[in-house]
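Colleague: Attaching a single structure in structure tokens format; questions to follow.
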Amino acid sequence: MQPNRTRRWRLPLTFSFVAATAALSVNTAAGAFHESPRELQLLADTTAVNFSRDVAPIIQKNCQLCHSPGGIGPMPLLTYQHARRDGPLIKQMVQAREMPPYQYDAHIGIQQLQHDWRLSDRDVATIVQWVDAGMPEGNPADMPPAPKLPDAAEFRMAADYGPPDLIVKSSKYTVPASGQDRWWRPSVPSGLTADRCIKAVETRPSVAGRSVTHHANSIFVPGASDAEPDAVGGGGPGSVRLSEYALGKIGEVVPADACRIAPAGSNVLFDIHYFPNGKEIVDDQLEIGIWFHGPEVTPQTRHRQTLGLYALQSGSGDFEIEPHGKLVTQGYHRFNTPVRIDSWQPHGHLRLVAKRLEVLYPDGRRETLSMVSNWNPGWHHSHVYQEAVAPLLPAGSVIINTAWYDNTAKNIFNPDAEQWVGMGDRTTDEMSHAWIAVTQLDEAAYQQLLAKRAKK
């Protein structure tokens, strides 16, 4: 069955503009997504909402980073006058869950996520009531102080972790104003003199390059090696995947009990996909900011975490979408040891419309872990599960990845419904995989985590 994608409220953005949307404030109020019907009723029973007291705090926290001078939002939202001018549009976008742009189904699968950008039901209801009431300003004295907005060139995760412990820059590359997709794969020294365990990582395109950087994958390789790793971060001896960046993604956070290894003496091999959009960008460089755990945290004291490209499609031979056609693919991966799924990041291009992650347990139970029914190619999110709910899978479990594609004119991101679409790396091709961060466990560690959760 094709998931129902409600798109009538989506702004008619070009893909080049969507590609520019590579930064947004992170709402870290995880676990506060839903309010009870009683709480929403209490909100409805209070005096009429107004901008200064009720709406301004929501917009400051969730909107202004992008909707400010120099930001990637199409209009500013810094004042009451700004918000009032676009109030009906704001209402439509938040009701449709198009803004803030965080594509993750609200009533399917695990809802307890870290760094969840979605507005709470209460916040949406507040904005809707404000618009319906005629958008009253209220008392300007009730306005909260204006937040200090970060510079567009700063690492977003520095607000939580401080300056990165290590910054690795790609070699320079000039992106032409027009032409086909470009790939740039430089290898640069990491500067690491000891094995370290990564706490968080953020890949940051240049401000000018955000509009043309489709993705930027990175791996650690020994010395001058340039061997690509396998799907789960292996490859040659010592090779391990560092990170994955795609349009709209902020970064990745590694659980405190896991170690994503940054090896000593390694190089960082970049795999950068550029897509020209009309303006030449001279000597573009990407930066990767890495935050480490303290030196007391070593690969020997933590479970190993790998970030893998799980290519869960049903093979490339049958991956062809006919003009004006649709397609569903489904693939599988079996874990031979116990694991914990730490995060899930669906990936696709312009014809992907929805994706689902399920698990088939050894006892035959089948459970949906996560679902995105309204895919947007301009926002690739790493959905990080909260520690208490990150799926613990026994040995023999199978994850199932299902993807839906729409090559018709109803898909507003589709550049040409007359074309056959196949598997490939170009922006106009398609993909069907998911980036999944997995902590590798043995049976003893698996049972310990189960017991720890049972106590809570």
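Throughout, read-outs are computed from the coordinates displayed, never taken from laboratory work. In this text the structure is predicted, and so the values were computed from the model without any measurement. Note that each Cβ is placed from the backbone with ideal geometry, even for glycine, and that neighbours are counted across all protein chains shown.
Colleague: Taking the Cβ of Pro276 as the centre, find all other residues whose Cβ is under 9 Å away and add up their charges (Lys, Arg: +1; Asp, Glu: -1).
Modeller: 0
Colleague: Order the peptides 194-203, 418-427 from the highest to the lowest mean number of other Cβ atoms within 10 Å of their residues.
Modeller: The densest-packed peptide leads the list: 194-203, 418-427.
Colleague: Note down the nm distance, to one decimal, between modelled labels 7 Å out along Cα→Cβ at Asp257 and at Asp86.
Modeller: Taking the simple label geometry, Asp257 and Asp86 are separated by 4.3 nm.
Colleague: Report the full-extension gain for the segment Asp132 to Arg53: residue separation times 0.36 nm, less the Cα-Cα distance, to one decimal in nm.
Modeller: That works out to 26.8 nm of additional length.
Colleague: Is the stretch 279-434 best put as rounded, prolate or oblate by its Cα gyration tensor, with a ≥ b ≥ c the root eigenvalues, rounded for a/c under 1.5, and otherwise prolate when a/b is larger than b/c, oblate when not?
Modeller: oblate
Colleague: Rounded to the nearest 0.05, what FRET efficiency is calculated for Gln300 and Glu320 with R0 set to 41 Å and r the Cβ-Cβ distance?
Modeller: 0.30
Colleague: Continuing with the same structure: Quick check on packing: order 287-294, 147-154 by the mean number of other C-beta atoms within 10 Å, highest mean leading.
Modeller: My ranking of the peptides, most packed first, is 287-294, 147-154.
Colleague: Follow-up. Measure off 7 Å from each Cα along the Cα-to-Cβ vector at Ala409 and Gln112, then give the distance between these two points in nanometres to one decimal.
Modeller: 4.8 nm
Colleague: Rounded to the nearest 0.05, what FRET efficiency do Lys169 and Ala141 have when you use their Cβ-Cβ distance and R0 = 60 Å?
Modeller: Step by step, r from the Cβ atoms, then E = 0.80.
Colleague: Expected output is a single nm value to one decimal: the length gained when fully extending between Ala454 and Ala158, i.e. 0.36 nm times separation in residues minus the C-alpha distance. What is it?
Modeller: 103.1 nm
Colleague: If you don't mind, another one. With a ≥ b ≥ c taken as the square roots of the eigenvalues of the C-alpha gyration tensor of the stretch 255-364, please select rounded if a/c is under 1.5 and otherwise prolate if a/b is larger than b/c or oblate if it is not?
Modeller: oblate
Colleague: List the residues whose amide H sits under 5 Å from the amide H of Cys259, counting only those 5 or more places along or on another chain, with H placed 1.01 Å from N in the peptide plane.
Modeller: Hits under the 5 Å cutoff: His303, Arg304, Gln305.
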